[in-house]
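Below: one structure, written as structure tokens.
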Amino acid sequence: MLLDAVSPGVAEAIRQGPADQLDHAVESNVRHNAQRLRLAHPVIAKAVEEKRVEVVGAIYELATGQVRLLH
């Protein structure tokens, strides 16, 4: 299950090439899993569809303490 969740992000990072692969893998993984949450049935998908909830991916930068939202 965990491997299924992170594999799309890693695959996307590999397609983008060697520069910053870790950063690309992390960002792709966050985007992929945010999308999975948006589509999670029955509760989350319905709330997203009704605009009662918004699922937004974010990355916490350890070095700076900043949170970067992904849209």
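The values are calculated or read from the model by the stated rules, or taken from the named source; none is laboratory data. Computed from a predicted structure; not experimentally measured. Note: ideal-geometry Cβ built from the backbone for every residue, glycine included; neighbour counts use all protein chains shown.
Residues in segment 31-52 that are among the charged types (D, E, K, R) and loosely packed, with under 12 Cβ neighbours inside 10 Å: Glu49, Glu50, Lys51, Arg52. When the helices (runs of 4 or more DSSP H) confined to the chain are screened for residues that are modelled with pLDDT under 90, those reaching at least 2 such residues are found at 2-15, 21-38.
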